[in-house]
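Chemist: Take this structure, written in structure tokens, and hold onto it; I'll ask about it next.
Here, each number is a calculation from the coordinates, and none is a lab measurement. The structure presented is a predicted model; accordingly, all values stated were derived computationally and were not measured.
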Amino acid sequence: MPGPRRGTGGDADLVAAAAAARAKAYAPYSRFRVGAAVRTADGQTYTGANIENASYSLSHCAERVAIHKAVSEGHREIHTVAVVADGREPAMPCGACRQVMAEFGVRRVIVAAPKSRPRIRTLRQLLAEPFLPERLLGKR
Ligand code: THU
């Protein structure tokens, strides 16, 4: 497994990393390839792609693969997630991925398609009233 990628740290780099990761998708059932790239609080980049399974419900979204790769390498704060999906229009992250983003402090989500302008959203826009770790850790 290669280590984290380092770029210049801009949104364009993150979108490019997500687009490149899309090529590694394992999506024989939906044929809908998605790539994601996340930037950690300390500026490292991790990528992921969707991974499907013949038992469909076991499939993993690209966003969660990328986030969990970063977390499994010790990162707990992720600032930005970029997602690039097949098709003409950007694919918005599913609700489960939004909840996982909230867990690790994601602030910005960049959603792009190969032939359309990226959309930038705050996670707060995508998930209005999240269930947060603080609720269980006794801080709220
Ligand atoms: N998918 C993602 O990877 N991310 C999204 O934001 C939406 C959906 C994947 C899951 C599945 O492999 C395929 O797209 C079709 O739902």
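Chemist: Can you work out the Karplus-derived ³J(HN,Hα) for every residue in the stretch 21-27? Use 6.51 cos²θ - 1.76 cosθ + 1.60 with θ = phi - 60°, whole Hz, and x for glycine or proline.
Modeler: For the stretch 21-27, the Karplus curve yields 5, 4, 5, 8, 4, 10, 9 Hz.
Chemist: Calculate the translational D of the chain in whole µm² s⁻¹ from Stokes-Einstein, where the hydrodynamic radius comes from the Kirkwood formula applied to all Cα pairs, the temperature is 25 °C and the viscosity 0.890 mPa s.
Modeler: 164
Chemist: If one computes the Cα centroid of the stretch 106-120 and of the stretch 46-80, what distance in Å separates the two points?
Modeler: If you average the Cα positions of each part, the centres end up 17 Å apart.
Chemist: I've got another one for you. For Glu103 and Leu136 in the same chain, what is the full-extension length gain: residue separation times 0.36 nm, less their Cα-Cα distance, in nm?
Modeler: 10.7 nm
Chemist: Using each residue's phi in the stretch 85-92, evaluate 6.51 cos²θ - 1.76 cosθ + 1.60 at θ = phi - 60° and report the 3J(HN,Hα) Karplus result to the nearest Hz, with x for Gly and Pro.
Modeler: Each residue of the stretch 85-92 in turn: 10, 4, x, 7, 9, x, 9, 6 Hz.
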